[in-house]
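A.B. asks: Please read through the structure below; I'll follow up with questions.
The values are calculated or read from the model by the stated rules, or taken from the named source; none is laboratory data. Quick caveat, the model's predicted, so the values are computed rather than measured. Using ideal geometry, Cβ is built from the backbone for each residue, glycine included, and neighbour counts are taken over all protein chains shown. Please note that ligands, DNA and RNA were not included when accessible areas were found on the heavy atoms of the full protein model with its side chains. Shrake-Rupley method; radii C 1.70, N 1.55, O 1.52, S 1.80 Å.
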Amino acid sequence: DEMERRLEINKSGQVTIAEGLPEPADAERLGRLFASRPLAQEDLEKYTEQAERILNLRVKSEHAQMPEADREHLTELKVFFGKHDPKEEELSLAQEDAAALAQLDGQVQTLRDVYRTLAAKCDDSQEEKDEDGPSAFVFVLSAAVVLVIGSGILFAAAGSAGLPAAAVCLVLAFVLSAGAFYLRSRRHQRMRSERQREQEEVEAAKRELDEKEADRQEVLERLQGFLSYYLFSPTDNYMQMVSEIDRKLDLYERLVQREEEYASASSGVVEELSALQVQLYTALSPYAEIYGLDLYEKHEESDVVQNIKEDFLRWQSWEAAKGQMQEMKRDETALRAELYSFVERFADTGEKDLKEKLLYIRKNMDASRTVSERLRQIARELEAFEASGIVDEETVPVERLQEQQRETDARITQLLNQIVKDKDALSELADEFEEQEEKSEALAGLKEKEEAYRKRADIYDKTIRYLTEARERFLGLYMGPLRAGLTKYLGKVMNAQTLSAEDFTLDMDLKVTFKYKGSTKEREYLSSGYQDLTAVCARLALMDVLYRDEAPPIILDDPFANLDDEKAKRGLMMLEDLAATRQVIYFTCHPTRMPVVE
């Protein structure tokens, strides 16, 4: 009986262990992982430490890299200075040339005005002289002719008596004629002197103008030669272009220095990271191939190590379970051999199951004991009967007693079988009862979870309803004014060419979108300047909506750094308009983006 009980326990234990064994596919995978590739716990700990170190080094490497915005800006500046990287002396000379060009422009314009004034004055003076000169000379000469004619008439009319008067007239006419010719000669000489002086002044002004224009052309050619290396929008403001080059050069040098610092800081990290990756990836490649993970592209070494740790525990448990299963099978074989050697000592009754054979033997053994005891009792009774010499007519025959004995044995066997069945049923009921108790205990916790889930579901329903109502109120109260405000501020700054202020709008997440060629684009499709511009205008529109009765101060940290000159100028004008109604605190690092202070 004890051996049969141990055999049942052994079989039950094997079933329990078999239930915990992996599926065939998992068993095949675990075999591929560890059967031909022994792995120690120390190796696993080493892989874990290396994976964590690689992750830390990768984080350090990422932190030791330039921000994406600075890297993109540096790339743009490298393209800008790709043809020529100006030296400090060249830039200083260009600044001097730009300042000199502005000064020469003013001087040339002044000299041109002086030259034009002198030339016009000279022409006007000549015309006046040509018009006024002959009229006086003709008048005096006419008067002399009249006197001569008058003297002739007096002499003809008065004869000798009119001779003195005629002589006086002739003398007077001669004097007038001589004076007229003398004055005319003097006037012509003076006019020639004045004309020569005026022409000399015009020629001097012309020479000075030509010299200044030559100087300006020389400075302009030198400045244009310097600016030809760089790409600018068409403009005549050379000082602004040189200042922009100066600003970009300063930023370019700082970004290059920062890039070198990042490269220097990350060099040691990258070397250690590369060495660790080569070492760890070489060891983990066979495992990663089985798991279908990518070490070299996606850097999934942590996932590989974690999977190995989990599967290695399962492999160890499986190996231990297999060893235990083999030991139990050996015990089962030994027990069965002993039991069969025991039951083979008795006659074969046709039962196939070992348990039924033992039950049959046990039943016969009990029946044999009962019969033996009954026979001993009958023997004692017979001895007593024989000793008394009394014959009882009602005494039951032996055949009848034997028949009753067989019936009693059959009944005993039936009851024994029923007892075994009842024991099995009781065991099953005990298992079911234990299972029901476990479920009953779990039911209380499940009811608490169900109540908690109901409360959470109610909260979620209310949250969705409130958020929906809030969204509708937000759309009705804020989105219209927000979009109108964005359009208003963009309209002040943008000069519609490819895009206009009406192309931009705000979505429910307050993200700026715009329409371009019939499709809606995100703000990231825009250039850096447009991104900064739309961000500033969106914030100003949001401030107008949130603070309708108040005027909080506005603080801006160089928001127009990426705008071109025209948009930056419009942006500063917009800030001046805002400064009329609220305080505006504006920071900038370059004089070209300073507002004009009157």
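A.B. asks: Take ARG539 and tell me if it is assigned to a helix (DSSP H, G or I) and open to solvent by 70 Å² or more (accessible area, probe 1.4 Å). Break it down into steps so the answer makes sense when it comes.
C.D. replies: Details: assigned to a helix (DSSP H, G or I): yes; open to solvent by 70 Å² or more (accessible area, probe 1.4 Å): yes.
Criteria met by ARG539.
A.B. asks: When the residues of the stretch 243-281 are filtered to those that are closer than 20 Å to GLU301 by Cβ, hydrophobic (A, V, I, L, M, F, W, C) and modelled with pLDDT of 75 or more, which remaining residue is least open to solvent (accessible area, probe 1.4 Å)?
C.D. replies: If we take residues in the stretch 243-281 being closer than 20 Å to GLU301 by Cβ, hydrophobic (A, V, I, L, M, F, W, C) and modelled with pLDDT of 75 or more, then LEU280 is least open to solvent (accessible area, probe 1.4 Å).
A.B. asks: Moving on to the next point. From the list ARG32, ARG53, ARG112, ARG6, which one is of a type outside the set (A, V, I, L, M) and modelled with pLDDT under 75? Spell out how you get there, then give the answer.
C.D. replies: On the way: ARG53 fails: modelled with pLDDT under 75; ARG112 fails: modelled with pLDDT under 75; ARG6 fails: modelled with pLDDT under 75.
The match here is ARG32.
Residue-by-condition table, conditions (1) more than 60 Å from the chain's Cα centre (by Cα); (2) modelled with pLDDT under 80; (3) open to solvent by 80 Å² or more (accessible area, probe 1.4 Å):
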{"position": "VAL371", "(1), (2), (3)": "yes, no, no"}
{"position": "GLN377", "(1), (2), (3)": "yes, no, no"}
{"position": "THR413", "(1), (2), (3)": "yes, yes, no"}
{"position": "LYS421", "(1), (2), (3)": "yes, no, yes"}
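A.B. asks: Pull out all pairs, ordered by first then second residue, where Cβ-Cβ is under 8 Å, the residues are six or more apart or on different chains, the first lies in the stretch 422-443 and is closer than 17 Å to SER12 by Cα, and the second is of a type in the set (S, T, N, Q) and surrounded by 10 or more Cβ atoms within 10 Å (Cβ to Cβ).
C.D. replies: none
A.B. asks: Restricting the stretch 503-528 to residues that are modelled with pLDDT under 80 and assigned to a helix (DSSP H, G or I), which is surrounded by the fewest Cβ atoms within 10 Å (Cβ to Cβ)?
C.D. replies: The selected residue is GLU524.
A quick yes/no check of all residues on (1) of a type in the set (Lys, Arg); (2) surrounded by 10 or more Cβ atoms within 10 Å (Cβ to Cβ):
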residue: SER440; (1), (2): no, no
residue: LEU446; (1), (2): no, yes
residue: GLU451; (1), (2): no, yes
residue: ARG456; (1), (2): yes, yes
residue: ASP461; (1), (2): no, yes
residue: TYR466; (1), (2): no, yes
residue: ALA470; (1), (2): no, yes
residue: ARG473; (1), (2): yes, yes
residue: MET479; (1), (2): no, yes
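A.B. asks: Which of the residues that make up the stretch 567-598 are in contact with a Leu (Cβ under 6 Å, 6 or more places away or on another chain) and without any contact (Cβ under 8 Å) to a residue 24 or more places away in the chain? Spell out the reasoning first.
C.D. replies: Residues of the stretch 567-598 that are in contact with a Leu (Cβ under 6 Å, 6 or more places away or on another chain), as a first pass: 584, 586, 595.
Within the stretch 567-598, PRO595 is the sole residue that qualifies.
A.B. asks: From ASP558, ASP549, which residue is touching a Cys at 6+ places or on another chain (Cβ under 8 Å) and exposed (fewer than 14 other Cβ atoms within 10 Å of the Cβ)? Explain how you work it out, then say what you get.
C.D. replies: Details: ASP549 fails: touching a Cys at 6+ places or on another chain (Cβ under 8 Å).
When all the criteria are applied, what remains is ASP558.
A.B. asks: Got a sec? Which of GLU45, GLU19, GLU2, GLU52 is over 30 Å from TRP318 (Cβ atoms) and of a type in the set (D, E, K, R)? Spell out how you get there, then give the answer.
C.D. replies: Values: GLU45 fails: over 30 Å from TRP318 (Cβ atoms); GLU19 fails: over 30 Å from TRP318 (Cβ atoms); GLU52 fails: over 30 Å from TRP318 (Cβ atoms).
Just a single option satisfies the conditions, and that option is GLU2.
A.B. asks: While we're on this one: Give me a count of the residues in the stretch 98-109 that are open to solvent by 40 Å² or more (accessible area, probe 1.4 Å) and touching a helix residue (DSSP H, G or I) at 6+ places or on another chain (Cβ under 9 Å).
C.D. replies: Residues meeting the conditions: 4.
A.B. asks: Moving to a separate point now. Would it be correct to say that THR463 is farther than 30 Å from VAL536 by Cα, out of contact with any Ser or Thr (no Cβ under 6 Å at 6 or more places or on another chain) and assigned to a helix (DSSP H, G or I)?
C.D. replies: Details: farther than 30 Å from VAL536 by Cα: yes; out of contact with any Ser or Thr (no Cβ under 6 Å at 6 or more places or on another chain): yes; assigned to a helix (DSSP H, G or I): yes.
Criteria met by THR463.
A.B. asks: Is there a residue in the stretch 565-572 that is farther than 21 Å from THR487 by Cβ, of a type outside the set (S, T, N, Q) and under 30 Å from the mean Cα position of the chain (by Cα)?
C.D. replies: So in the stretch 565-572, the residues farther than 21 Å from THR487 by Cβ come out as 565.
Checking the rest, the ones that are also of a type outside the set (S, T, N, Q) come to 565.
Pick out the ones that are also under 30 Å from the mean Cα position of the chain (by Cα) and you get 565.
Scanning the stretch 565-572, I find at least one residue that is farther than 21 Å from THR487 by Cβ, of a type outside the set (S, T, N, Q) and under 30 Å from the mean Cα position of the chain (by Cα), so the answer is yes.
A.B. asks: Right, next: Scan the stretch 196-223 for residues that are open to solvent by 80 Å² or more (accessible area, probe 1.4 Å), over 13 Å from VAL114 (Cβ atoms) and in contact (Cβ under 8 Å) with a residue 40 or more places away in the chain and report the count.
C.D. replies: 2
A.B. asks: Do you know which residues across the stretch 298-333 are part of a loop (DSSP other than H, G, I, E, B) and either free of Cβ contacts under 8 Å to residues at least 60 places away in the same chain or open to solvent by less than 50 Å² (accessible area, probe 1.4 Å) (or both)? Outline the logic, then answer.
C.D. replies: Of the residues in the stretch 298-333, the ones part of a loop (DSSP other than H, G, I, E, B) are 298-300.
Of everything in the stretch 298-333, those that are part of a loop (DSSP other than H, G, I, E, B) and either free of Cβ contacts under 8 Å to residues at least 60 places away in the same chain or open to solvent by less than 50 Å² (accessible area, probe 1.4 Å) (or both) turn out to be LYS298, GLU300.
A.B. asks: Give the residue that is surrounded by the most Cβ atoms within 10 Å (Cβ to Cβ), with candidates limited to residues of the stretch 287-297 that are on the phi < 0 side of the Ramachandran plot and not hydrophobic (A, V, I, L, M, F, W, C).
C.D. replies: Filtering the stretch 287-297 for residues on the phi < 0 side of the Ramachandran plot gives 287-291, 293-297.
With the extra rule that they be not hydrophobic (A, V, I, L, M, F, W, C), the set shrinks to 287, 289, 291, 294, 296-297.
On the way: TYR287: 21, GLU289: 12, TYR291: 17, ASP294: 13, TYR296: 11, GLU297: 6.
Across the stretch 287-297, the extreme among qualifying residues is TYR287.
A.B. asks: Name the residue, out of LEU359, LEU284, that is farther than 30 Å from ARG37 by Cα and either among the aromatic types (Phe, Trp, Tyr) or surrounded by 15 or more Cβ atoms within 10 Å (Cβ to Cβ) (or both). Outline the logic, then answer.
C.D. replies: Values: LEU284 fails: farther than 30 Å from ARG37 by Cα.
Result: LEU359 is the single residue among LEU359, LEU284 that is farther than 30 Å from ARG37 by Cα and either among the aromatic types (Phe, Trp, Tyr) or surrounded by 15 or more Cβ atoms within 10 Å (Cβ to Cβ) (or both).
A.B. asks: Taking the stretch 542-568 on its own, how many of its residues are of a type outside the set (D, E, K, R) and within 18 Å of ALA580 (Cβ to Cβ)?
C.D. replies: First, pick out the residues of the stretch 542-568 that are of a type outside the set (D, E, K, R): 542-543, 545-547, 551-556, 559-563, 568.
Next, only the ones that are within 18 Å of ALA580 (Cβ to Cβ) stay: 543, 547, 551-556.
Summing the residues that are of a type outside the set (D, E, K, R) and within 18 Å of ALA580 (Cβ to Cβ) in the stretch 542-568 gives 8.
A.B. asks: Being of a type in the set (S, T, N, Q) and within 28 Å of the chain's Cα centre (by Cα) is the filter here, so list the residues in the stretch 211-260 that pass it. Quick ask: steps written out before the conclusion?
C.D. replies: Of the residues in the stretch 211-260, the ones of a type in the set (S, T, N, Q) are 217, 224, 228, 233, 235, 237, 240, 243, 257.
GLN257, the sole residue that qualifies.
A.B. asks: Another question, then. Does TYR340 meet the test of being of a type in the set (Ser, Thr, Tyr) and either open to solvent by less than 80 Å² (accessible area, probe 1.4 Å) or assigned to a helix (DSSP H, G or I) (or both)? If you could, list the steps in order and put the result at the bottom.
C.D. replies: Details: of a type in the set (Ser, Thr, Tyr): yes; either open to solvent by less than 80 Å² (accessible area, probe 1.4 Å) or assigned to a helix (DSSP H, G or I) (or both): yes.
Taking the combined requirement at face value, the residue satisfies it.
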